[in-house]
Amino acid sequence: MPHKDNNIYVGLDIGTTKICTVVARQNMEGGIDIIGLGSAPSTGIRKGVVVNIDSTVKAIKDSIAMAERMSGVTVKSVCAGIAGGHIESFNSRGVVAVKSGEVTQNDITRVLESASAINIPMGYEVLHILPQQYILDGQDEIKDPIGMSGVRLEVEVHIVTGAVSSATNITKSCSKAGIAVEDIYLEQLASSEAVLTDEEREIGVCLIDGGGGTTDMAVFNRGACYHTAVLQIGGNNFTRDLTSGLSTSESEAEKIKIAEGCVLTDLVAPDEVISVPSVGGRPPRTISKSVMAQILQARAEEICELFLGELKNKKLIDMLAAGVVMTGGMSNFKGMEELASSVLGLNVRVGHPVNIGGLSDQVNNPIYATAVGLAKLHAKNGHSQNIISSGNEESTFKQVGERMKNWLKEFF
């Protein structure tokens with residue numbers, strides 16, 4: 001007989017090249033143990049945004065079904081990721097008078113509302129309000145002022161906004177696949193949950209998450225998020241570069257990229273060659289591997305230089321004592337650490353999901369960072385409806401996250 005288990009949480013990464021499901025159980029220490037993983041090719045997403053509902057629904061179902069078989073769980077609710085060029089973010093500040101002379105939760109709520117009382121374009125909604133620090137009567141760097149005495153409470157926050165239509169299409173796709181979305185998180189924030197350490201967040205780190213359609217950034221310092229950005233260039237651009245540069249099909253270019261991808265010509269021996277299938281029935285050709293590396297290196301340098309410009313423009317370079325952590329599929333290229341470190345002038349490491357138990361070896365790859373992070377966030381903030389079951393019962397999707405309901409009421 002199936003039974004409900006409120007310790008089962010699911011992260012759903014709806015990406016441009018793949019849709020990935022991670023099923024996790026919260027353990028006694030408050031962490032998570034991975035118990036299921038599913039992945040399916042994604043054809044209905046472009047640059048992080050749903051462009052074909054039916055294709056996206058099919059991929060979600062396939063990914064969920066695979067994770068259910070591995071975990072023995074019937075998935076009914078998930079924490080989903082959101083990305084895309086529509087994401088906009090900025091820092092804001094709010095101030096209120098402390099009513100009773102001692103800071104209460106009500107004062108925290110009011111000061112956060114004050115900080116978020118800003119003009120947002122029509123069709124957009126606030127996704128996240130991320131406190132950076134509280135200031136009480138001029139005393140700054142306070143993380144939790146509840147219970148402290150004072151009369152003037154200020155807060156500095158990072159606000160992330162996104163298109164309501166994009167979030168709605170994510171929840172609609174999930175609903176059609178038979179699952180509820182309990183919450184939606186910005187994907188680079190989810191990835192940061194999976195790959196960053198507390199020490200890195202505290203002394204300053206930049207996360208760069210290279211996906212198929214976009215490459216996302218998040219900057220942390222003193223344990224808080226200070227900047228996020230989305231670059232609409234990703235792994236698919238590397239594939240198209242190889243398609244053109246090697247005169248092969250896009251599917252073959254993708255295979256070459258995954259199997260042989262290197263973004264530093266210095267790491268390629270002069271006599272190394274690869275076989276490149278031709279198009280139109282022509283015979284395959286043998287090409288120097290350094291040619292492929294040159295093509296990939298040019299694109300990787302462009303992406304790193306764009307992020308360097310962003311960091312300099314926002315005056316964030318001096319905040320990054322821990323350097324840069326790269327994750328996502330792009331970080332799997334041979335030579336990416338060395339190239340990024342050279343261009344950015346910072347220490348760089350590749351981020352794999354950490355501090356997880358269970359089938360951790362199954363997700364020990366940067367491509368699963370977002371899905372693992374979403375599962376962690378679901379465990380931290382969600383209320384699981386998922387069921388441990390030997391069967392695969394029909395899922396329900398009537399309970400959609402309260403935030404999504406509010407968006408629909410307000411804009412539709």
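Each reported figure results from applying straightforward, stated rules to the coordinates on display, with no laboratory input. Bear in mind that the values here come from a model prediction, so they are computed numbers and not experimental data. Reconstructed Cβ throughout: ideal geometry from the backbone, glycine too, with neighbour counts over all protein chains shown.
Structure summary
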{"item": "Kirkwood-based Rg to Rh ratio, the stretch 303-360, C-alpha trace", "result": "1.04"}
{"item": "Principal semi-axes in Å for the stretch 198-352 [√(5λ), Cα gyration tensor, largest first]", "result": "33, 15, 11"}
{"item": "Relative packing of peptides 259-265, 135-141, 154-160 - highest average C-beta neighbours within 10 Å first", "result": "154-160, 259-265, 135-141"}
{"item": "Subset of Lys172/Lys315; Lys143/Lys380; Lys58/Lys334 violating a 28 Å alpha-carbon distance limit", "result": "Lys172/Lys315; Lys58/Lys334"}
{"item": "The stretch 113-161: relative contact order in percent, alpha carbon pairs under 8 Å with at least 6 residues between", "result": "45"}
{"item": "The stretch 88-163: projected area of the alpha-carbon convex hull, averaged over directions, in nm²", "result": "4.7"}
{"item": "Placed amide H near Ser42: partners under 5 Å, 5+ positions off or other chain", "result": "Lys18, Ile19"}
{"item": "Part-to-part distance (alpha-carbon centres) for the stretch 352-378 and the stretch 304-348, which is given in Å", "result": "22"}
{"item": "Angle between the chain longest axis and helix 164-176 axis [Cα atoms, degrees, rounded to 10]", "result": "70"}
{"item": "Tensor-based shape of the stretch 23-123 (alpha-carbon gyration tensor, a/c under 1.5 rounded, otherwise prolate or oblate)", "result": "oblate"}
{"item": "Diffusion coefficient, µm² s⁻¹, Stokes-Einstein with Kirkwood Rh over alpha-carbon pairs of the stretch 67-109 at 10 °C and 1.306 mPa s", "result": "100"}
{"item": "Mean separation of Cα contacts under 8 Å (6+ apart) over length of the chain, as relative contact order %", "result": "24"}
{"item": "Distant alpha-carbon pairs in the chain (separation over 42 angstrom), percent", "result": "15"}
{"item": "On Cα atoms only, tilt of 289-313 relative to the major axis of the chain in degrees", "result": "20"}
{"item": "Residues Phe307, Phe333 arranged by fewest to most Cβ contacts within 10 Å", "result": "Phe307, Phe333"}
{"item": "Interchain or long-range residues, amide H under 5 Å from His128's placed H", "result": "Val160"}
{"item": "Residue-averaged 222 nm ellipticity for the chain, from DSSP H runs of 4+ at -39500 (n - 2.57), nearest 500", "result": "-10500 deg cm²/dmol"}
{"item": "Summed side-chain charge close to Ser100 - residues other than Ser100 whose Cβ falls under 13 Å, Lys, Arg +1, Asp, Glu -1", "result": "0"}
{"item": "The stretch 176-281: proportion of alpha-carbon pairs further apart than 21 angstrom, %", "result": "56"}
{"item": "Using alpha carbons only: equivalent-ellipsoid semi-axes of the stretch 137-218, gyration tensor based, whole Å", "result": "33, 20, 12"}
{"item": "For the stretch 259-358, size of Cβ-based charge dipole, Lys and Arg +1, Asp and Glu -1, in debye", "result": "260"}
{"item": "Cα-centre dipole for the stretch 88-163 with unit charges at Cβ (Lys and Arg positive, Asp and Glu negative), debye to 20", "result": "140"}
